1. Taking only DSSP H segments of four or more residues, each worth -39500 (n - 2.57), what value at 222 nm results for the chain once the sum is divided by all its residues, to the nearest 500 deg cm²/dmol?
2. With angles folded into 0 to 90 degrees, how steeply does helix 108-118 sit against the dominant principal axis of the chain? Use alpha carbons for both and round to 10.
3. Can you give the Kirkwood hydrodynamic radius of the chain from its Cα pairs, in Å with one decimal?
4. Which far-off residues, 5 or more places away or on another chain, put their amide H under 5 Å from the one on Y232, with H placed in the peptide plane?
5. Could you state the angle between the C-alpha long axis of helix 6-22 and the longest principal axis of the C-alpha atoms of the chain, as a value from 0 to 90 degrees rounded to the nearest 10?
6. Which one, A12, A187, V228, projects farthest toward the positive side of the charge dipole computed for the chain from Cβ point charges (K/R +1, D/E -1)?
7. Name the residues of the stretch 197-215 whose amide N is less than 14 Å from a point 7 angstrom out from the Cα of E227 along the C-beta direction?
8. With a 1.4 Å probe and all protein chains kept in place, how do M216, M25 rank by accessible area, largest first?
Amino acid sequence: MDLLNLKGLLLAIVVFVPLERLFAMHHEQKLFRPRWQDDLVYFFLNGLLIKLALSTTVGAIVVAGMWLVPADFQNWVGGLPFWVQLPALIVLADIGFYSVHRLFHKIPYLWKFHAVHHSIEDLDWLAAHRVHPVDQILTKGASLLPVFALGFSAAPIAAYFFLYHWQSLFIHSNIKIGFGPLRWLIASPQFHHWHHANHPEAFDKNFAGQLSLLDMLFGTMHMPGNEVPTRYGTDDPVPSGYFRQLLYPFARSRKKAVAANGAAMAADSVEKSDAGVFAAKPDQPQPVG
Ligand SMILES: [Zn+2]
Ligand SMILES: [Zn+2]
């Protein structure tokens, strides 16, 4: 059994490395760009961790689905033609993805987990793997809920997994390929690159994983013509390295630590001399994007 998914890695290299050379969005980006090693560790270790956690989640969803959804309805859904089930599945799963992804941007505690993904400063297919496991499990769990609870059959579920995986690598890749009018329906590299842009006008935009149409409908779309971002990442102090990033959301933020230090020093200096008034520097507003 290929637990580490070496075949998947080889296949992705064969597909994306030549495409990123031929159709580069950012020509100056090197194959071995900064922090590629971190993302390779994510590929191996996160893949294993998430497979384990998601198989437990899927088991729970199947049991809950049997309990909550009438068997007749599940049988009806499972009996629909493949070409009806597959688009229905993609729409439902991406609504789940969109909703939880938006929550990860909105709620400050959840943002700390998601900031790890937004710490990517050089986007390519490999960087797609840099996702904190808590983020991955909750977002993926939300998209898998309708997939496994409503009774969809095995073939459209397998096709959905295949499309989701390759589209996810593709939209992070350093590839510029025009989608024409389809860009308002299907998430493209340009669409998701704007989600990762460190440009204030693009913060909290383009949440969908597969269907840009959802952002059109919910008013969160940002796609200025054929332009692509010039800066990626977040101003949050996300450290580098897999294990440091795993711990980052649980650690006391550096800003708070600095503020606490400042307050302690201020109290100390007030005690020592009654002369000065110390104004603590307020926290910077939390960037989101
Ligand atoms: Zn995001
Ligand atoms: Zn992304």
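The values are calculated or read from the model by the stated rules, or taken from the named source; none is laboratory data. Owing to the predicted nature of the structure, the values given are computational and were not obtained by experimental measurement. Every residue, glycine as well, gets a Cβ built from its backbone with ideal geometry; the counts of neighbours run over all protein chains shown. Accessible surface is based on the protein model in full, side chains and every heavy atom, while ligands, DNA and RNA are left aside. Shrake-Rupley method; radii C 1.70, N 1.55, O 1.52, S 1.80 Å.
1. Working: 12 runs with 164 residues, N = 289.
Value at 222 nm, helices only, nearest 500: -18000 deg cm²/dmol.
2. Approximately 70 degrees, to the nearest 10.
3. Details: mean 1/r = 0.0479 Å⁻¹.
Taking every pair of different Cα atoms in the chain, averaging 1/r and inverting gives 20.9 Å.
4. The answer is N198.
5. Approximately 80 degrees, to the nearest 10.
6. A12
7. The answer is 197-203, whose backbone nitrogens lie closer than 14 Å to the label point.
8. M216, M25
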